[in-house]
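A.B. asks: Following this message is one structure expressed as structure tokens.
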Amino acid sequence: MKRIYLDHSATTPVDKKVLRAMMPYFQDKFGNPSSIHSFGQQASKGVEDARLAASKFLNCAPDEIIFTSGATEANNLAIKGIVGAIKKKNPGKKIRAITSVIEHDSVLEPFSELERSGVEVIHLPVTPGGVIKLEELRKAIDDDTALVSLMYVNSEVGSIQPIREAGKIIHKHNEQRLKKWLSGKPASRGEKPEPVYFHTDATQAVNFLNCDTKHNFLDALSLSAHKIYGPKGVGLLYLKNKTPISAQATGGHHELNRRSGTLNVPGIVGLGAALSQLSAAKVLKNNARISRLRDSFIKKITARIPDAVLNTDLRTAAPGHAHFSFLGVEGESILIALDLEGIAVSTGSACASNRLKASHVLVAMGIPVEIAHNSIRFTLGKYNSEKELSQAVRQLEAAVKKLRKISTEYRSK
Ligand code: PMP
């Protein structure tokens, strides 16, 4: 049986070119990049070339890239690191930090930790389409605000957040904050105020959207290699120069003291190669192809399966996402039925799908809990074909029909 993979938000296969770039760094070029000898220099060259590729992709300086073990670590470092450093500089000062209700757990948990340590945390609500409202952000930023962290693309429903517009609001606030300070009497105005720092978790956006850090007014950005046809266990944090940061892993002085630990050289080389594949022209072409496949997939599903509710708002979604609720059937039952046919889908984010709790994202979008439990996330990738998707629709139609026959909930409707 040829298996069909429709779970690209969970992870992606490694691109052949990426694998080829990584291979020498497991054996021939195995040195520790911190070593001074030629073995070390060879490995260090691989890391620095990848750093250059990443800095080109993000339009930033190479020393603004901190390699990490993935987006989870990058998010933790950005959120706890920036707010922690500001707290240390200003003991006793009231601090506010802003995020949204639909973030990944690797953002929500660090924010909970901040909250427990006395930081005031604001969670911005979202529209039924899963997008934050800029007016709410504008209202939430006050003089105590130190950090705003908003994801670029939601991993479950695919909603794109208005990152550039949010960045503009923050930038404007910072200008006003500085102006206010400058208008005070020099003798009594105290230290220059810290700006509001802006972080985005761009993990699900990198394949599809403009991640230029200057264009988007960003101070920090997290991404992960395994979502962009690179290897697992490696990612990065872009951190704008002069942004205060308190390291979370210390003791090795790597990455300019911002993240200690011997670098994952083959992984970093793979991340660099994966980012190098994402030229603007290729991204545009890929977006057009994937969204065409996705839209025809959605059309077939809604034409052939009654009571299939599309939770992804196509006007504001990334090209590969199609999130549905099939009324009257548990998402888990559909997932298992499709898996038996060799088709891989998800009921939500991979990290949350082993907990039988309704997704916080769907609940935040106002989707009733019963309907949230009926949901399946399809996320398409660059290797999917029309033929695969037609087969997936056929199997899905059969699975939903069969499961509804035994669903008392659906029959009594
Ligand atoms: N943020 C988002 C939006 C994600 O989808 C994921 C992966 N599920 C992560 C962060 C965590 O990334 P990693 O697996 O690299 O730790």
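A.B. asks: Within region 125-169, track down each residue that is under 27 Å from residue 347 (Cβ atoms) and more than 16 Å from the ligand (Cβ to nearest atom).
C.D. replies: Correct list: 125, 127, 128, 129.
A.B. asks: Follow-up question, since we're still on this one. Among the residues that make up region 260-272, is at least one of them out of contact with any helix residue (DSSP H, G or I) (no Cβ under 9 Å at 6 or more places or on another chain) and of a type in the set (Val, Ile, Thr)?
C.D. replies: No: zero hits.
A.B. asks: May I pose another question? Only residues that are more than 16 Å from the ligand (Cβ to nearest atom), β-branched (Val, Ile, Thr) and in contact (Cβ under 8 Å) with a residue 24 or more places away in the chain: list them for region 21-74, please.
C.D. replies: The one that is more than 16 Å from the ligand (Cβ to nearest atom), β-branched (Val, Ile, Thr) and in contact (Cβ under 8 Å) with a residue 24 or more places away in the chain: 47.
A.B. asks: With the structure loaded, tell me whether residue 267 is of a type outside the set (A, V, I, L, M), closer than 27 Å to residue 30 by Cα and within 18 Å of the chain's Cα centre (by Cα) or whether it fails that test. It would help to see each step written out before you state the result.
C.D. replies: On the way: of a type outside the set (A, V, I, L, M): yes; closer than 27 Å to residue 30 by Cα: yes; within 18 Å of the chain's Cα centre (by Cα): no.
Against the criterion (of a type outside the set (A, V, I, L, M), closer than 27 Å to residue 30 by Cα and within 18 Å of the chain's Cα centre (by Cα)), residue 267 does not qualify.
A.B. asks: Would you mind telling me which numbered condition in (1) in a helix (DSSP H, G or I); (2) more than 21 Å from residue 71 (Cα to Cα) residue 128 fails?
C.D. replies: (1)
A.B. asks: Whether any residue in region 97-117 is touching a residue at least 40 places away in the same chain (Cβ under 8 Å), outside any loop (DSSP other than H, G, I, E, B) and either touching a Pro at 6+ places or on another chain (Cβ under 6 Å) or away from the ligand (no atom under 15 Å from the Cβ) (or both) is what I want to check.
C.D. replies: Yes.
A.B. asks: Give region 25-43 a look and list any residue that's of a type outside the set (Phe, Trp, Tyr) and closer than 17 Å to residue 273 by Cβ, or say none. Outline the logic, then answer.
C.D. replies: In the first step, residues of region 25-43 are kept if they are of a type outside the set (Phe, Trp, Tyr); the result is 27-29, 31-38, 40-43.
Of everything in region 25-43, those that are of a type outside the set (Phe, Trp, Tyr) and closer than 17 Å to residue 273 by Cβ turn out to be 28, 29, 33, 42, 43.
A.B. asks: Note down all Cβ pairs under 7 Å where the first residue falls in region 218-231 and is closer than 15 Å to residue 9 by Cα, the second is of a type in the set (Asp, Glu) and more than 12 Å from the ligand (Cβ to nearest atom), and they're at least six residues apart or on different chains.
C.D. replies: 229/15
A.B. asks: Evaluate region 228-246: report whether one residue or more is of a type outside the set (D, E, K, R) and touching a Pro at 6+ places or on another chain (Cβ under 8 Å).
C.D. replies: Within region 228-246, one or more residues are of a type outside the set (D, E, K, R) and touching a Pro at 6+ places or on another chain (Cβ under 8 Å).
A.B. asks: Working only within region 211-246, note down all residues that are touching a Lys or Arg at 6+ places or on another chain (Cβ under 8 Å), under 16 Å from residue 55 (Cα atoms) and away from the ligand (no atom under 13 Å from the Cβ).
C.D. replies: Within region 211-246, 213, 215, 216, 217, 218, 219, 220, 239 qualify.
A.B. asks: Scan the strands (runs of 3 or more DSSP E) fully inside region 183-243 and keep the ones with 1 or more residues being crowded, with 24+ Cβ neighbours inside 10 Å, among the charged types (D, E, K, R) and in the same structural domain as residue 158 (by TED's automatic domain parsing). Lay out the reasoning, then the answer.
C.D. replies: Working: elements: 197-201, 220-224, 235-239.
Because the criterion is at least 1 residues that are crowded, with 24+ Cβ neighbours inside 10 Å, among the charged types (D, E, K, R) and in the same structural domain as residue 158 (by TED's automatic domain parsing), the strands (runs of 3 or more DSSP E) in region 183-243 that meet it are 197-201.
A.B. asks: Please indicate, with yes or no, whether at least one residue in region 297-310 is outside the structural domain of residue 67 (by TED's automatic domain parsing), within 17 Å of the chain's Cα centre (by Cα) and either modelled with pLDDT under 95 or among the aliphatic types (A, V, I, L, M) (or both). If you could, list the steps in order and put the result at the bottom.
C.D. replies: If we filter region 297-310 for residues that are outside the structural domain of residue 67 (by TED's automatic domain parsing), which is where we start, we get 297-310.
Those still in the list that are within 17 Å of the chain's Cα centre (by Cα) too: none.
For region 297-310, residues outside the structural domain of residue 67 (by TED's automatic domain parsing), within 17 Å of the chain's Cα centre (by Cα) and either modelled with pLDDT under 95 or among the aliphatic types (A, V, I, L, M) (or both): absent.
A.B. asks: Can you pull out every residue in region 134-176 that is over 17 Å from residue 211 (Cβ atoms) and part of a loop (DSSP other than H, G, I, E, B)?
C.D. replies: If the condition is that a residue be over 17 Å from residue 211 (Cβ atoms) and part of a loop (DSSP other than H, G, I, E, B), then 141, 142, 143, 144, 156, 157 are the ones that fit.
A.B. asks: Among what's in region 344-382 and is surrounded by fewer than 23 Cβ atoms within 10 Å (Cβ to Cβ) and outside any loop (DSSP other than H, G, I, E, B), pick the residue that is modelled with the highest pLDDT.
C.D. replies: Ranking the qualifying residues of region 344-382, first place goes to 344.
A.B. asks: Could you list, in sequence order, all residues of region 134-161 that are surrounded by fewer than 24 Cβ atoms within 10 Å (Cβ to Cβ), closer than 19 Å to residue 108 by Cα and not aliphatic (A, V, I, L, M)?
C.D. replies: Within region 134-161, 136, 145 meet the criteria.
A.B. asks: Kindly indicate the residue of region 247-259 that is touching a strand residue (DSSP E or B) at 6+ places or on another chain (Cβ under 9 Å) and outside any loop (DSSP other than H, G, I, E, B) and also farthest from the ligand (Cβ to nearest atom) among those meeting that condition.
C.D. replies: Ranking the qualifying residues of region 247-259, first place goes to 256.
The values are calculated or read from the model by the stated rules, or taken from the named source; none is laboratory data. Because the structure is a prediction, the values reported are computed rather than measured. For neighbour counting, all protein chains shown are included, and Cβ atoms are generated from backbone atoms with ideal geometry for every residue, glycine included.
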